[in-house]
1. Just the accessible area per residue of the stretch 1-152, please: how many Å² with a 1.4 Å probe?
2. Take the alpha-carbon centre of the stretch 73-114, take the same for the stretch 1-39, and report the distance between them in whole Å.
3. Which loop chymotrypsin sites (Phe, Trp or Tyr not before Pro) in the stretch 63-139, with loop taken from DSSP, have no more than 16 other Cβ atoms within 10 angstrom of their Cβ?
4. Please state, to two decimals, what the Cα-based radius of gyration of the chain comes to when divided by 2.2 N^0.38 Å (N = residues).
5. Within the set of other residues whose C-beta is less than 15 Å from the C-beta of S33, count the net charge using Lys and Arg as +1 and Asp and Glu as -1.
6. If I model a spin label as a point 7 Å beyond the Cα along the Cα-Cβ vector, how far apart are those points for E96 and A2 in nm?
7. Would you mind classifying the stretch 43-94 by shape? Square roots of the alpha carbon gyration tensor eigenvalues, ordered a ≥ b ≥ c; an a/c under 1.5 is rounded, otherwise it is prolate if a/b is larger than b/c and oblate if not.
8. Starting from the 7 Å offset along Cα-to-Cβ, what nm value, one decimal, do you get for the label separation of A85 and I34?
Amino acid sequence: IANTSFVAQAIAELNGGAPSTLNTLKKLADALSIKAPLASPSFTGTPTVPSANQDEIDLRIANTTFVSKYVDSINAKLFPKRALAANDYIRIPDVEGGFIIQWVSIASASFPAFDVDVPVTLPKAFPAQNLIALAVSVNPSASQNADGLPQIAGRDRGVVTVKQAINVEKQVLSDVAIICFGY
């Protein structure tokens with residue numbers, strides 16, 4: 001038969017040093033009833049989790065630090081920030097296979113005469129294909145009646161050939177701007 005000392009000792013061991021707010025089954029049940037269910041918890045306050053490294057893409061919880069850094073890294077690849085030059089290119093996204101836009105300016109002094117092919121090396125050879133190249137006169141006083149009209153005479157992945165066609169009126173060679181699109 002258990003005496004009072006044995007029962008008191010068993011209860012003390014069962015409590016295991018629990019605080020007085022949780023030292024009965026009723027108090028313990030009440031405390032557990034206000035907790036979020038494990039299957040579908042709803043958090044209150046400001047819950048925190050450690051931030052994973054950017055290369056740790058798995059089922060861990062992503063905190064705001066991780067998401068912000070991840071989005072910044074993707075944006076840096078898609079829309080790189082750099083100073084652009086007079087003859088330059090951009091690639092969107094800035095990874096192999098991205099769409100490339102290039103531009104080049106040519107001074108009229110580069111043209112020896114009308115209807116002469118002038119090869120122009122692009123800032124970056126298109127890895128796959130030069131889809132389209134356009135040339136325009138960029139003289140401030142340019143007019144259809146006064147300037148040679150620039151034309152694309154040929155194009156490949158790394159070079160665009162330009163010439164200025166003879167115009168029926170006054171013949172003046174003009175500076176030319178070229179824009180190319182490809183990938």
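1. Per residue, the stretch 1-152 has an accessible area of 73 Å².
2. 72 Å
3. Those that pass, being in a loop and sparsely packed, are F114.
4. Normalised Cα radius of gyration, the chain: 2.31.
5. Neighbourhood net charge equals +2.
6. 7.4 nm
7. Judged from the Cα gyration tensor, the stretch 43-94 comes out prolate (a/c at least 1.5, a/b above b/c).
8. Simple spin-label model gives 6.8 nm for this pair.
The values are calculated or read from the model by the stated rules, or taken from the named source; none is laboratory data. Everything numeric in this text was worked out from a predicted model, so none of it was measured. Using ideal geometry, Cβ is built from the backbone for each residue, glycine included, and neighbour counts are taken over all protein chains shown. Keep in mind that these areas ignore ligands, DNA and RNA; they rest on the heavy atoms of the full protein, side chains included. Shrake-Rupley method; radii C 1.70, N 1.55, O 1.52, S 1.80 Å.
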